[in-house]
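So the structure is just underneath, and the comments pick up after that.
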Amino acid sequence: MKKEECLICKAPLEYLTEDAWMECALCGKKERSKTRCVRGHYVCSSCHMSGMDAIAGMCLRETEKNPVRILEKMMSMPFCHMHGPEHHVLAGAALLTAYRSCGGELDLARGLSEMLSRGRSVPGGACGFWGACGAGISAGMYVSIVTHATPLAREEWGLSNQMTSRALAAIGEVGGPRCCKRNSYLAVAEAVRFTEEKLGVSMELAPIVCSRSGMNSQCIGGRCPFFRGK
């Protein structure tokens, strides 16, 4: 399997300690960022996530009750890379879809639209620069959407923050460096348990085995709970 780094030249990525002006190698947009490849290529989040709107149609047709299987289908679509901000949408979208399939009350079309909007606002690298992985935040967004939480809500506000906290705790316990696949699995698995405990909706969950370690130059191997052969 080909290890994936820079989308332009496949060179390793580097992360700067301070923002610098970057020009997207695909669309020419100029913006400040901390991420580029060692040869200087930068790809903006919009270009990195190009094609992701296709998940809405897929999810609306889905009847699968295991959100990890739904997540796997989306991660196998052409727009999804080994790492990237698309995972900040995919984790929550998989959970919304399985929640509906398992009897949860939800207008899925509206929920997916909201997830796409919210998830896109979490930038790549949030795991390291914010101390909050976007996949974990996406799980919190999922609970916020299904409970109709707002900043003025009481119980719903609390549940959304509890979900994010539990997902981030599971992600942080494994440690870095980042892996968007591993963190998405951890966030979704934690959300399945949380959903049954707090919302009374039971989703399916089977053992998870990663099939993409060969694409990740920073794979942590046996430290990962999903490493093949562990």
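Rounded, prolate or oblate: which one fits segment 30-165, using the alpha carbon gyration tensor with axes a ≥ b ≥ c (rounded when a/c is under 1.5, else prolate when a/b beats b/c, else oblate)? Judged from the Cα gyration tensor, segment 30-165 comes out oblate (a/c at least 1.5, b/c at or above a/b).
Sorting Cys59, Cys27 on solvent-accessible area from highest to lowest, probe radius 1.4 Å, gives Cys27, Cys59. With a simple spin-label model that places each label point 7 Å from the Cα along the Cα-to-Cβ direction, the separation between Ala11 and Gln162 comes to 4.9 nm.
For segment 24-77, the normalised intensity computed at q = 0.21 Å⁻¹ comes to -0.79 (log10 of I(q)/I(0), Debye sum over alpha carbons, equal scatterers, no solvent). What residue among Met49, Met163, Met215 has the largest mean-square fluctuation in a Gaussian network model of the chain, using Cα springs under 10 Å? Of Met49, Met163, Met215, the Gaussian network model singles out Met215 as fluctuating most.
Net length available on complete extension from Glu197 to Phe79 is 39.1 nm, with 0.36 nm assigned per residue and the Cα-Cα distance removed. Computed from Cα positions, the angle between helix 155-174 and the longest principal axis of the chain comes to roughly 50 degrees.
Per-residue 3J(HN,Hα) values for segment 135-141, derived from phi via the Karplus relation 6.51 cos²θ - 1.76 cosθ + 1.60 with θ = phi - 60°, read 5, x, 5, 4, 5, x, 4 Hz in sequence order (x marks Gly and Pro).
Sorting Trp21, Trp157, Trp130 by solvent-accessible area of protein heavy atoms yields Trp21, Trp130, Trp157, largest first, with a 1.4 Å probe. When all alpha-carbon pairs of the chain are counted, what percent fall beyond 21 Å? For the chain, the fraction of Cα-Cα distances above 21 Å is 54 percent. Counting only protein chain heavy atoms and rolling a 1.4 Å probe, the accessible areas of Glu23, Glu156, Glu105, Glu72 rank, largest first, as Glu105, Glu23, Glu156, Glu72. Modelled spin labels at Glu155 and Val38, positioned 7 Å past Cα toward Cβ, are 5.4 nm from each other. Between Lys34, Lys198, Lys73, the Gaussian network model of the chain with springs among Cα atoms under 10 angstrom shows the greatest mean-square fluctuation at Lys198. Annotation: amide H of Glu14 within the under-5 Å range of Arg36, Cys37, Val38, sequence separation 5 or more or interchain, hydrogens built in the peptide plane.
Compared with the dominant principal axis of the Cα atoms in the chain, helix 87-101 is inclined by about 20°. Separation of the alpha carbons by more than 22 angstrom is noted, of Lys30/Lys73; Lys73/Lys198; Lys65/Lys181; Lys29/Lys73, for Lys30/Lys73; Lys73/Lys198; Lys29/Lys73. Entry note, the chain: relative contact order of 19 percent, from Cα contacts under 8 Å with a spacing of 6+ residues.
The values are calculated or read from the model by the stated rules, or taken from the named source; none is laboratory data. None of the values given here were measured: they were computed from a predicted structure. A quick note on method: Cβ atoms are made from the backbone with ideal geometry, for glycine too, and the neighbour counts reach across all protein chains shown. Areas reflect the complete protein model, heavy atoms only, side chains present, ligands, DNA and RNA absent. Shrake-Rupley method; radii C 1.70, N 1.55, O 1.52, S 1.80 Å.
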